[in-house]
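All remarks here apply to the structure that follows.
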Amino acid sequence: PRHLVSIDDVSIEEMHALFAQADRFAASPRTFADTCPGFISASLFYEPSTRTRLSFESAMLRLGGGVLTAAEMTSSSVVKGESLADTIRVVGGGYADVIVLRHPSEGAARLAAEFAPVPVINAGDGSLEHPTQTLCDLYNLHVERGRIEGLDVVLAGDLKYSRTVHSFAFALARFGANIVCVPQPGFELPEYLVERLHEEFGVEPIRADARRLGDLAANSDAVYLTPQKPHQLSLFTDARGWEVQQVDAVYMTRPQTERYSGNEMSATQYLRLEKRAMAAESLRDAVVMHPLPRRDEISADVDADPRSIYFKQAARGVPIRMAILGWLLGRIDLGVERPAPMPA
Ligand code: CP
């Protein structure tokens, strides 16, 4: 079966086709119940979730399928010591036609895919990846901006532990978008990811003078990661003199405190997006995104700003996940040839 473990598992052509399909679902969500009748998805969540789990279950129900969901995996046989591999074999061996898995261990979804006779969808594995959140985020850029190629996107907050950011940064680079990292101090993008961006896209991290991002970047050493030609940078002047005026999106992230050790917690200086920061000229036309849940890294008085799209962003999780489920279950033909496997 075809799995969705990493954002690398989906080609750019497939992503565009998924967005087009999601557009159709979003326009008329109650009219596609004949897409997956008789199909069942299983939600196996070893970590809490509101959006990913409920939007997947809503998506499956809207497609005419059914859902199996354990309230918490702690109420399953995991507490008796059953391995993930055994659980996957059992659930995929007749109970469900697709497995949506969230797990605290990095690589858990890849392992599950090795044992599953049905598609496995990674709904977040530790700090590693959250590919369907990235497809949702990219879909939001597609809807709000009409394109992803060449956009200037600020990634702000905890860039070290946010699996959402890790999948998103890589996908943005593949689309040829420009990334401006504005990390909370000490929580920069992991080195392995920066190296991959360098190896695959020739991206060079460049220290940036981010003063024009105003309050948002006041405490941060901003860095550009751009796979694009310098003239497409559009925010602030950097060490090479590239002149930038506007950003297209600001993507805030929550401090992933559940993954911090004690020392990291005390060293953390949270970045916050407050109403006054929205007055920065460089953010004039930017949409503000957040995968949610948030704590206080976006203050509540930003919610009413028309540039704040994070609740729309969460709502769009349903049509894009309808497209993902229909595709992996073989009920939607994306019309894209699957690339030939790489020679061993
Ligand atoms: N964005 C996201 O993954 O939210 P949940 O943890 O609620 O699923």
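Nothing in this text is a laboratory measurement; each read-out follows from the coordinates by a stated rule. Everything numeric here is computed off the predicted structure, so don't read it as measured data. Note: ideal-geometry Cβ built from the backbone for every residue, glycine included; neighbour counts use all protein chains shown.
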## Note on the structure
Highest mean packing first, using Cβ neighbours within 10 angstrom, the peptides 327-336, 299-308, 37-46, 156-165 sort as 156-165, 37-46, 327-336, 299-308
#### Entry: Extension gain (nm, one decimal) between residue 296 and residue 89, 0.36 nm per residue minus Cα-Cα
70.5 nm
### Query
Distance in nm between label sites at residue 304 and residue 200, each 7 Å beyond Cα in the beta-carbon direction?
4.3 nm
### Backbone N under 14 Å from the residue 284 label point (7 Å along Cα→Cβ), restricted to the range 247-261
247-248
### Task
Please work out whether the range 253-327 counts as rounded, prolate or oblate from its C-alpha gyration tensor, where a ≥ b ≥ c are the square roots of the eigenvalues and a/c under 1.5 means rounded, while otherwise a/b larger than b/c means prolate and anything else oblate?
oblate
### Task
Extending each Cα 7 Å along its Cβ direction at residue 258 and residue 9, get the distance between those two points in nm, one decimal.
2.1 nm
### Task
Place the peptides 127-133, 183-189, 291-297 in order of packing, highest mean first, counting for every residue the other Cβ atoms within 10 Å and averaging per peptide.
127-133, 183-189, 291-297
